[in-house]
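A short worksheet on the structure shown next.
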Amino acid sequence: MTRYISTRNASDAISSHEAVIRGLASDGGLYTPESIDVRISPEEILNDDYRECAIKIIGALLDDYSEEEIRECVYGAYDDKFDTDEIVPLKQIKGGWLMELWHGPTSAFKDIALTILPRLLTAAYRKENRNDIVSILTATSGDTGKAALSGFADVPHTAITVFYPEIGVSAIQKRQMATSKGENVEVIAVKGNFDDCQRMVKEAVTSKEVLDACKGVTISSANSINIGRLVPQIVYYYWSYAKLVKAGALKCGDPVNFVVPTGNFGDILAGYLARQLGLPVKKLICASNSNNVLTDFINTGVYSLDRSFHTTMSPSMDILISSNLERLLFMLSGNNDIKVSAMMDSLKAKGSYRIDDVMLKKIQESFCGYWTDEDACALTIHDLFVEQNTLIDPHTAVGVSAMNRYQRETMDSVPVIVLSTASPYKFCRDVYASITGEKLSDDFDAMDQLEKLSGVKVPSNLSELRNLEIRFTRSIEKEDGLKAIAERMRNLGNDQD
Ligand SMILES: *Cc1c(COP(=O)(O)O)cnc(C)c1O
């Protein structure tokens with residue numbers, strides 16, 4: 001059975017369902033598989049539909065769930081909440097393929113994991129016969145928030161609180177969250193950026209003030225620091241590979257490259273786990289926006305926060321502290337918790353750390369990094385629409401731009417799959433302006449105009465937003481996060497009595 005150990009204390013070892021419940025380790029570390037011993041060859045999933053593929057992959061890593069339990073979770077998650085039976089369709093463009101991950105209920109790739117995480121959590125609770133409340137604390141740079149609110153709304157034994165940066169998310173993203181339904185949900189804007197929001201959530205699990213307030217309440221997370229978020233994201237790497245084989249674009253066993261628009265390093269780490277499981281991946285191309293801390297890190301081995309924070313039109317990647325990198329460092333150092341703790345301490349105290357050359361070389365064997373500024377991002381959206389009649393969102397554009405640069409610079413001819421991470425309509429004002437040069441002031445106006453221009457239908461969950469009631473308007477200072485969390489924990493505890 002796979003044991004999950006904390007990146008900051010390798011002797012803290014638990015099973016997969018326990019890791020799903022806890023989210024983050026109590027020492028602040030991230031639960032990571034102690035070793036990956038299973039191998040899954042792409043042949044094994046070649047003729048599966050998305051659900052059957054998911055059962056094999058998720059079952060291989062979350063291996064203390066029974067096959068029945070995983071099957072129930074998978075079939076409950078990947079149903080007609082998605083607007084296509086394929087769940088994840090592929091679309092060919094010049095130079096590669098787009099893997100469209102945004103056909104779920106909130107139109108972002110986060111839906112793939114957050115439609116199943118509540119089910120995995122509920123199943124884990126049943127295993128333990130527990131009936132305390134799990135309070136899901138979630139920091140969002142825009143998309144996780146709504147996907148988690150949608151996934152956890154009115155799920156028994158759970159409550160969810162989402163923190164988002166007041167300035168930084170798109171108007172549509174904000175409205176999606178503010179209009180969320182469900183008796184167990186809470187949404188709070190923070191006067192700060194994503195890193196401030198994530199810090200609150202991470203500090204909550206070690207804060208005395210918060211823990212004292214947790215009577216009958218357990219804190220967990222829906223961020224990609226939860227391994228139950230990460231594992232379902234491995235599935236589509238296999239799935240897209242199999243689709244290319246079936247389309248005759250690839251011989252089974254031949255390598256592919258993936259381009260991953262990256263913020264918290266979760267999605268791309270799932271790609272690395274796919275590679276560890278045996279998927280023939282040559283390079284994972286890490287695509288960043290102007291917050292290019294990861295590009296520099298992959299090129300130099302120095303992770304440094306000594307840089308300015310940029311608010312961009314790809315807000316879900318406006319992140320300077322990429323949490324899941326900690327898992328990669330842990331795996332590449334041979335589960336060296338002491339070394340990883342020292343690096344994370346250095347990041348906190350000095351704002352930087354440096355990895356040694358051996359580790360840097362290992363990282364560069366699997367990864368390379370490119371970043372794209374706002375002008376190039378807009379131009380990519382424009383060109384793809386005008387030249388290839390393909391409408392993409394700014395995050396996906398950062399990915400396509402990285403693909404183009406990579407292919408020009410390396411002449412690598414291995415097939416490339418770009419992860420397309422959000423519907424263009426979540427960022428319709430910027431997408432419309434990129435294509436037409438015209439800046440509209442109203443988001444719903446931009447939505448209508450973009451639909452008229454492109455002929456691509458607006459997903460119903462986004463078009464209906466204009467008519468929904470705004471339920472959440474609370475906003476707090478970034479210093480008041482732990483106080484707000486403690487208060488929420490006390491209320492949840494009282495509700496229970
Ligand atoms: C979250 C998100 C990303 C980045 O994913 P990470 O797992 O944080 O690296 C990219 N694009 C979109 C649209 C997202 O919502």
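A short reminder: the numbers here are calculations on the coordinates, not readings from a lab. Keep in mind the model is a prediction, meaning the values are calculated, not measured. For neighbour counting, all protein chains shown are included, and Cβ atoms are generated from backbone atoms with ideal geometry for every residue, glycine included.
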If you take the Cα atoms of region 149-267, find Rg, then find the Kirkwood Rh from the mean of 1/r over all pairs, what is Rg/Rh? 1.07
Simple spin-label estimate for Ser413/Val456, 7 Å along Cα→Cβ, in nm, reads 3.0 nm
For region 377-497, just list the percent of Cα-Cα distances falling in each 5 Å bin from zero outward, please. 2, 9, 15, 15, 12, 9, 10, 9, 8, 6, 3, 1, 0
Using DSSP to call loops (not H, G, I, E or B), can you name the chymotrypsin sites (Phe, Trp or Tyr not before Pro) in region 39-81 whose Cβ has at most 10 other Cβ atoms within 10 angstrom? none
Among residues other than Glu477 whose Cβ falls under 11 Å from its Cβ, what is the net charge (Lys/Arg +1, Asp/Glu -1)? -1
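Per residue of the chain, what 222 nm ellipticity follows from adding -39500 (n - 2.57) for every DSSP H run with n ≥ 4, rounded to the nearest 500?
So the helix-based figure for the chain works out to -13000 deg cm²/dmol.
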Net length gained if the chain between Glu365 and Asn494 were fully extended (0.36 nm per residue, minus Cα distance): 41.2 nm
Exposure-ranked with fewest Cβ neighbours within 10 Å first, Thr106, Thr161 stand as Thr161, Thr106
Summed residue charge, Cβ within 11 Å of Lys127's Cβ, Lys/Arg positive, Asp/Glu negative: -2
Under a straight-distance cross-link criterion of Cα-Cα below 16 Å, which lysines are reachable from Lys246, leaving out those fewer than 8 residues away in the same chain? Lys91
Straight-line reach check, Lys215, cutoff 22 Å on alpha carbons, 8 or more apart in-chain or any other chain, hits among lysines -> Lys127, Lys202, Lys483
Work out, step by step, the length gained on full extension between Asp212 and Ser304: first 0.36 nm times the residue separation, then minus their alpha carbon distance; give nm to one decimal. 29.7 nm
Mind jotting down the distance between the C-alpha centroids of region 399-471 and region 30-60, whole Å? 31 Å
Subtracting the Cα-Cα distance of Glu72 and Leu468 from 0.36 nm times their residue separation yields 139.4 nm
Net charge around Phe427, counting only other residues with Cβ within less than 10 Å of its Cβ (Lys, Arg = +1; Asp, Glu = -1)? -1
I need to check one value: relative contact order of region 325-391, counting alpha carbon pairs closer than 8 Å and at least 6 residues apart, in percent. 19 percent
Region 1-80: Cα Rg divided by the 2.2 N^0.38 Å rule of thumb: 1.22
Label region 211-334 by shape, choosing from rounded, prolate and oblate, from the square roots a ≥ b ≥ c of the eigenvalues of the Cα gyration tensor; if a/c is under 1.5 it is rounded, and otherwise prolate applies when a/b is larger than b/c, oblate when it is not. oblate
